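Student: Let me begin by handing over the structure; questions about it come next.
The values are calculated or read from the model by the stated rules, or taken from the named source; none is laboratory data. This one's a predicted model, so the numbers in the text were calculated from it and none came from an experiment. No Cβ is skipped: glycine too gets one built from the backbone with ideal geometry, and neighbour counts run over all protein chains shown.
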Amino acid sequence: MTSTSAPPDPLGCLEEEAWSIAGDLLVDPGERDSPVRSGRALHRALDELLLLNRGFRENPGHPFPLESLLDLGAALLSTPLDEGDRERLRQAADDWRQELVGETVTYVVNRNLNASNLCALRCGFCAFRRSPGEEGAFVLSRAELRDRAAEARARGATELCLQAGLDPRDDGETGHLDRAISLLRDLRDAAPGLHLHGFSPQELLHIAQRDRLPLRTVLHRLREAGLGSVPGTAAEVLAPRVRRLICPEKLSARAWVAVIWEVHRSGLPSTSTLLAGHLETPLERLCHLCTLGAMQQEAWRQGRVGFTEFILLPFVGASAPAPLRARVGRDQPDPGAMLLLTAQARLLLGPWIPHHQPSWVKLTLPVAAEALRWGCDDLGGTLMEEHISTMAGAAGGTEQTPEALRAAALGLRRPVRQRTTLYGAPDALCGCS
């Protein structure tokens, strides 16, 4: 994990404790003396990892087993695999999923609301952001947002997912926090009872820094206004080398950990993500997953929910800038590689994050359904509309009906039910037929 010797809170809005703890929790691959290597054979590593997972499921307060996970993870992520090895790993992940959360596949009826693609940052992989006045820039009016929220409620949604660019505009009168609070109140009025899931760590940091407020104050006021949970996006890969290449203007890996630690401490749950399949190494993937596990154990230590789920986000490069596309050498995700990583993540995240979700937007629904055999137990949301991945060239579409998501699970003869954002059950169980 990283050193805590850096100056406290270089961001100007965090408490010193958050920055210090983030340094303890972040597993930085660049600070390791040498790449992690394991002498264990795959089958032996799988057996040891499952024993470790079961032990920590029974005793979650034990110290986080970082060095053991790094050693065992190296066998999973770095060992060349033949077809027999892939199947052995898939079966181990599927068995662990069944042991941890059972057979039921879940999904949520929700709507994405991308209020604007105006953004102050320029990430190297993003095809969504625009500058004010640029072709393709959009800002939805409050009336449009209210109408879409009301429509979502009428169609049975239980959640609104709010994500947008980092608004570069300052009107000199209304602060960024006040605008965010006003948006939440508008949506609550238009769609009462819906869970409001919004504001990524990058957006939260942007609000706090632009308004010169402590992040803790921002979180408290957003929660009072109705915010129910936070997307764990903007994580990409929690490795400084990768972030310098694909998103140098974005918050650092340590800052992401610090912001999410503050989110969890405030009582707000979040999702967790990994953007994979571009320039990251197996070690960087492994350290990212270990960081998420350590963060979840810390959230549990505080008596918080922490992460509700893990979502693997395959890189889509069809509309990425040409230099990055050339380095990656692929416009669409490699389904086989992403299914393998799905299984590896399920095993390495052990008991800490029970629910795992593929991205049907990025993988297509048939591949996302196949991921249910590789350790996933959730198919995500109906979305109703989606712009960020679609503008990047994702091939999965912008909407799924509840019927399509149910059919994907039933096709594997798995029971399926609708869930809420926090994995409650608004529906009766739909059994296999």
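Student: Is at least one residue of the stretch 316-335 of a type in the set (Lys, Arg) and surrounded by 24 or more Cβ atoms within 10 Å (Cβ to Cβ)?
Tutor: No, the conditions are met nowhere in the stretch 316-335.
Student: Within the stretch 261-374, which helices (runs of 4 or more DSSP H) (wholly inside it) include 1 or more residues that are within 20 Å of Arg241 (Cβ to Cβ)?
Tutor: The helices (runs of 4 or more DSSP H) meeting that bar are 282-301, 322-328, 335-348.
Student: Just the residues that are closer than 14 Å to Glu262 by Cα and among the hydrophobic types (A, V, I, L, M, F, W, C), please, taken from the stretch 195-212.
Tutor: Phe199, Leu204, Leu205, Ala208 - these are the residues of the stretch 195-212 that are closer than 14 Å to Glu262 by Cα and among the hydrophobic types (A, V, I, L, M, F, W, C).
Student: Separate question: Can you confirm whether the stretch 295-313 contains a residue that is within 24 Å of Pro80 (Cα to Cα), out of contact with any Phe, Trp or Tyr (no Cβ under 9 Å at 6 or more places or on another chain) and at pLDDT 95 or above?
Tutor: Yes, some residue in the stretch 295-313 is within 24 Å of Pro80 (Cα to Cα), out of contact with any Phe, Trp or Tyr (no Cβ under 9 Å at 6 or more places or on another chain) and at pLDDT 95 or above.
Student: State all residues of the stretch 118-147 that are of a type in the set (A, V, I, L, M, F, W, C) and either touching a strand residue (DSSP E or B) at 6+ places or on another chain (Cβ under 9 Å) or at pLDDT 95 or above (or both); if no residue qualifies, say none. Show your work before the answer.
Tutor: Of all residues in the stretch 118-147, those of a type in the set (A, V, I, L, M, F, W, C) come to 118-121, 123, 125-128, 137-140, 143, 145.
Within the stretch 118-147, Leu118, Cys119, Phe125, Ala137, Phe138, Val139, Leu140, Leu145 qualify.
Student: Kindly indicate whether Ala115 is surrounded by 20 or more Cβ atoms within 10 Å (Cβ to Cβ), at pLDDT below 95, farther than 25 Å from Ala368 by Cβ and not charged (D, E, K, R). Quick ask: steps written out before the conclusion?
Tutor: Numbers: surrounded by 20 or more Cβ atoms within 10 Å (Cβ to Cβ): yes; at pLDDT below 95: yes; farther than 25 Å from Ala368 by Cβ: yes; not charged (D, E, K, R): yes.
When the stated conditions are applied, Ala115 passes them.
Student: Hey, can you tell me all the residues within the stretch 272-305 that are surrounded by fewer than 24 Cβ atoms within 10 Å (Cβ to Cβ) and under 22 Å from Glu58 (Cβ atoms)?
Tutor: Ala294, Gln297, Glu298, Ala299, Trp300, Arg301, Gln302, Gly303, Arg304, Val305
Student: Contact list please: Cβ distance under 7 Å, first residue in the stretch 174-192 and within 19 Å of Pro214 (Cα to Cα) and hydrophobic (A, V, I, L, M, F, W, C), second residue assigned to a helix (DSSP H, G or I) and modelled with pLDDT of 95 or more, pairs at least six apart or on different chains.
Tutor: From residues that are within 19 Å of Pro214 (Cα to Cα) and hydrophobic (A, V, I, L, M, F, W, C), the pairs are Leu177/Val218; Leu177/Arg221; Ala180/Leu222; Ile181/Arg221; Ile181/Leu222.
Student: Which ones in the stretch 238-251 are under 18 Å from Thr291 (Cα atoms), assigned to a loop (DSSP other than H, G, I, E, B) and modelled with pLDDT under 95?
Tutor: The answer is Leu251, and nothing else.
Student: Of Gly228, Gly193, which residue is assigned to a strand (DSSP E or B) and surrounded by fewer than 22 Cβ atoms within 10 Å (Cβ to Cβ)?
Tutor: Gly228
Student: Test of understanding: among Ala235, Ala157, Ala208, Ala164, which residue is part of a helix (DSSP H, G or I) and either closer than 30 Å to Ala22 by Cα or modelled with pLDDT of 95 or more (or both)? Break it down stepwise before answering.
Tutor: Numbers: Ala235 fails: part of a helix (DSSP H, G or I); Ala157 fails: part of a helix (DSSP H, G or I); Ala164 fails: part of a helix (DSSP H, G or I).
That would be Ala208, the only listed residue that is part of a helix (DSSP H, G or I) and either closer than 30 Å to Ala22 by Cα or modelled with pLDDT of 95 or more (or both).
Quick grid of which residues meet (1) under 25 Å from Leu422 (Cα atoms); (2) touching a residue at least 12 places away in the same chain (Cβ under 8 Å); (3) surrounded by fewer than 21 Cβ atoms within 10 Å (Cβ to Cβ):
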residue: Arg221; (1), (2), (3): yes, yes, yes
residue: Arg241; (1), (2), (3): no, yes, yes
residue: Arg244; (1), (2), (3): no, no, yes
residue: Leu251; (1), (2), (3): no, yes, no
residue: Ser270; (1), (2), (3): yes, yes, no
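Student: When the stretch 383-422 is examined, which residues are found to be crowded, with 19+ Cβ neighbours inside 10 Å, in contact with a strand residue (DSSP E or B) (Cβ under 6 Å, 6 or more places away or on another chain) and modelled with pLDDT under 95?
Tutor: Matches in the stretch 383-422: Leu383, Met384, Glu386.
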